[in-house]
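Inspection log for the structure reproduced underneath, given as structure tokens.
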Amino acid sequence: MIKSKRIFLLVLCSVILLMTLSGSASARFEYYEEEIKVGDGYQINNYVIDVTDVFLSDKLAVFKVYKNGADKPIYDDMIGINDTLNFDLENGEVDLKLLSVGSGVLNRVNVLITVKNVDIYLTEIVNGGHEYATYSGTPVIELTKTVDESNIMVDDIITVTVTAKNTGDDKATNVIFSDPKQEHFILDKSILEQTGPMSLDIGASQTVFVYMLKATEAGIFTLKSSTATFSNRANQAFPQALSTTPTVTVTAPEIPEVPKKNAVLELSTDVDSMNVKRNDQITATISIKNTGDAPASAVWIEMVIPQDLEYVSGDSTIEVIGGVPKIYMGSFGVQQEKEFTYTVKASELGTYTLTTKLSYEYDNGVDAESQKVSTESVTGNVYVQKGKYDALLEQPIYVYVLPIIAIIAIGAWIFHRHKQYKF
Amino acid sequence: MLNILMVGNGQCGNRILDAVNKQAFGGKTKFAKFYSNQKFKSRVETIAVNTAINDLKELKFTKGKDRIHIPHLHGVGANRNVGKSVFNDNKDLIMRQIEDRGRFDVAFVVTSASGGTGSSFTPMLIKELKERYDFPVYAIVVLPFREEGSLYLQNAAFCLKDMRDSGADGIILADNQFLKQLGGDVESAYNGINDMIADRILFLLDALDSEMMMVTDLGDFKTVMDGGAGLATIGFYRAEKDVPVKTAIQKALSPSGLLFSTNVYDEASRAMVIIRGDKSYLSIDDISNEVEKLSSAVGHVFKGIIVRNGEYPQVLAVLTLESAFELEKLYAIAVDAINQEREKKERVDSKKEVNKAFSQLDGLEPSY
Ligand SMILES: Nc1nc2c(ncn2[C@@H]2O[C@H](COP(=O)(O)OP(=O)(O)O)[C@@H](O)[C@H]2O)c(=O)[nH]1
Ligand SMILES: [Mg+2]
């Protein structure tokens, strides 16, 4: 038995707790005691309770309930004193109890209005009844962001226009617009900026922002939304409105491909004879021509002379640096041509080639650093053979000394005779 | 070996001397002097004397030390009187040059008769030589072209006279006028004449110093030159092919071989004929026949034969003249010329009278 007593207590406590909790959460009551003249109405949110007739003698009154100013009432009744009239309002309900009727210039009633479970944002007496009431609605702000050009180049400028239009059924109040910073663009110029706060009547349009953006990089960009926060006439705040987001395609400017220029120095080396006798001179001619379309600079020509050949002489432009004949030219213009000659002497029999090394630089007009080129040209084989008089050199000394002595003797004799016969 | 002195006076003399020196080298080119020696058989000394330095400079084959310039301010012109006084002033200089060259056996002095220097120097030089030495001295004298003018003719006439008086052992004449048929311009005519004369002189010098058959020597030459009127000329022929010696002798005596216009058979008084050549051409009979022909018309004829292997016949004839018709003719024109010159001088003198009249005004001023 004791056990059942305990369970009963627990259940009782729980019920009480539950009742307490749910009671305060589920039922909200608000009470209004009002005196309303005949012809006037009482507005709760968008509902107006018109007092259309008061019958003093009968202690009766006629009430009509209109919603949103509609022509026909959603409810009407004639009740006596202490009678209660009940109708649904939004998600809750309203009880109207007629407390008394009175007289005056106009007859009037005293009522007790009990509003249950309704979020009340407006209660007031409306002179003239429902026809003169103001009803609050939902303003809808449509924000349109447009661009004057949606395919542009980098550095091009677009004009962005943001317009707002109230397409809702209530006036928007306390409207504040904002426009975020736009990545990939920079603000070039702001022409119009109406951030508010302002109000916007039903159906009214307003140009909010006009500004110019300059595209800084290529890509397909969707502009960010402008926003608007607003309330309705009843100061109810609405979720913020977002504008449309136009897409702008920014193309990188077509940078015309600058053709690269080249300095092309054509080099050739020729010798005057492919077959020479020992100790004869070989004249080499270096020809160089710039067949490219850019001038060359820092042109070095180096004459590579084989061991058994001896550099004898050459054009005055040739300098012998460290035993190597070289030519330096600071620049060498387009289509310029030059020839250099130099002579070498072969003191040994053999087959030789003469090599010319060429190096130069040029600016190709595109790249920052200068282009470096080096080439070389080689002559055909030069055959050095025994000289015509080489055999003489191999002879004993008297073979050529005797004729020389003879020539000197003859010369001396002629000189002597010349003096003898001179007058 | 003979010692021979050869002096060339004046331009003409210098140039003939130079031609002798040139031919002595044997070569035909002007370079011969550089590779060859003179082929004189004898010791030959040549001396060129002139007052005109340019004439001496022109010479090519005469040694510098053998060209003697006698300075005279304005030259001699064609004035023989000036020439004579210049010679007198420089006589010692000239004679010392000859003295320095040693002993001589014979001397030849070459000159033109009509110029200034040579024509005046030569007779005086010969006179000096004859006074100092006893070797024979012969003059080789070139007569002018007749058209060269009265002054030249006058000079030629007086020069020849002075030459006769100088004591020369003989005067060998060469006549430009007669030799002018050699043709060409004056320069090449002169060269041609000079070569002809040089050729003959060289042949003569060679002969005088050669071994000869039938012997002709310097003594014979002297004898020939002694004959006649002291005037002589030379005839010469050198065969270029196989020519009979008879023909060669005739040609040497014909006008084409002579230096002076004469009819040998009429005018010659003595002669010397030298025949040279290969033995095969030298037929003694032919030579004797031909020489006899000459000697029957002339007086004595000396002959000499020189044998030279491989040579064609060559004949030189030295002829002294008894008379010279051509020279008489020359004197006749010369006398005319002398008269003309005198008249001209008188005209000039009368002009001088006029000058005298004018000179009265010297120092006076006209007064008005
Ligand atoms: N045969 C010959 N006669 C010449 C030559 N030169 C000049 N005469 C002649 O000589 C004469 C002039 O005498 P020239 O010797 O020139 O005068 P000089 O220098 O004052 O003695 C002229 O009658 C010229 O015709 C020459 O080279 N050869
Ligand atoms: Mg003269």
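For the subset of the range B:109-139 comprising residues that are within 16 Å of ligand 1 (Cβ to nearest atom) and more than 14 Å from B:Ser166 (Cβ to Cβ), which member is farthest from the other protein chains (Cβ to nearest Cβ)?
Among those that are within 16 Å of ligand 1 (Cβ to nearest atom) and more than 14 Å from B:Ser166 (Cβ to Cβ), it is B:Ser114.
Failed condition for A:Thr195, given (1) assigned to a loop (DSSP other than H, G, I, E, B); (2) out of contact with any Ser or Thr (no Cβ under 7 Å at 6 or more places or on another chain); (3) free of Cβ contacts under 8 Å to residues at least 60 places away in the same chain, with all others met?
It is condition (2) that A:Thr195 fails.
Pairs only if they're at least six apart or on different chains, beta carbon under 9 angstrom, first in the range B:274-291 and modelled with pLDDT of 90 or more, second among the aromatic types (Phe, Trp, Tyr) and in a strand (DSSP E or B); list them, first residue then second.
Partner pairs satisfying both residue conditions: B:Ile274/B:Phe302.
Looking at B:Asn54, B:Asn37, which one is within 12 Å of ligand 1 (Cβ to nearest atom) and exposed (fewer than 14 other Cβ atoms within 10 Å of the Cβ)?
Result of the check over B:Asn54, B:Asn37: B:Asn54.
Name the residue that is nearest to B:Gly10 (Cα to Cα), counting only residues in the range B:109-118 that are of a type in the set (S, T, N, Q) and within 11 Å of ligand 2 (Cβ to nearest atom).
Within the range B:109-118, the match that is nearest to B:Gly10 (Cα to Cα) is B:Thr117.
Do you know which residues across the range B:2-60 are within 14 Å of another protein chain (Cβ to nearest Cβ), away from ligand 2 (no atom under 16 Å from the Cβ) and of a type in the set (S, T, N, Q)?
B:Asn21, B:Thr29, B:Ser36, B:Asn37, B:Gln38, B:Thr46
Of all the residues that make up the range A:138-168, how many are within 11 Å of A:Ala204 (Cα to Cα) and of a type in the set (D, E, K, R)?
So the count comes out to 2.
Return a yes/no flag: does the range B:156-168 have any residue that is within 13 Å of ligand 1 (Cβ to nearest atom), of a type in the set (Phe, Trp, Tyr) and within 15 Å of B:Leu327 (Cβ to Cβ).
no
Each row is one residue, and each column tells you yes or no for (1) at pLDDT 90 or above; (2) within 22 Å of B:Met124 (Cβ to Cβ); (3) within 21 Å of the chain's Cα centre (by Cα).
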{"position": "B:Asn21", "(1), (2), (3)": "yes, no, yes"}
{"position": "B:Ala48", "(1), (2), (3)": "yes, yes, yes"}
{"position": "B:Gly64", "(1), (2), (3)": "yes, no, no"}
{"position": "B:Ile94", "(1), (2), (3)": "yes, yes, yes"}
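When the range B:294-326 is examined, which residues are found to be surrounded by 22 or more Cβ atoms within 10 Å (Cβ to Cβ) and among the hydroxyl-bearing types (Ser, Thr, Tyr)?
B:Thr320
The values are calculated or read from the model by the stated rules, or taken from the named source; none is laboratory data. These figures come from a predicted structure and were not determined experimentally. No Cβ is skipped: glycine too gets one built from the backbone with ideal geometry, and neighbour counts run over all protein chains shown.
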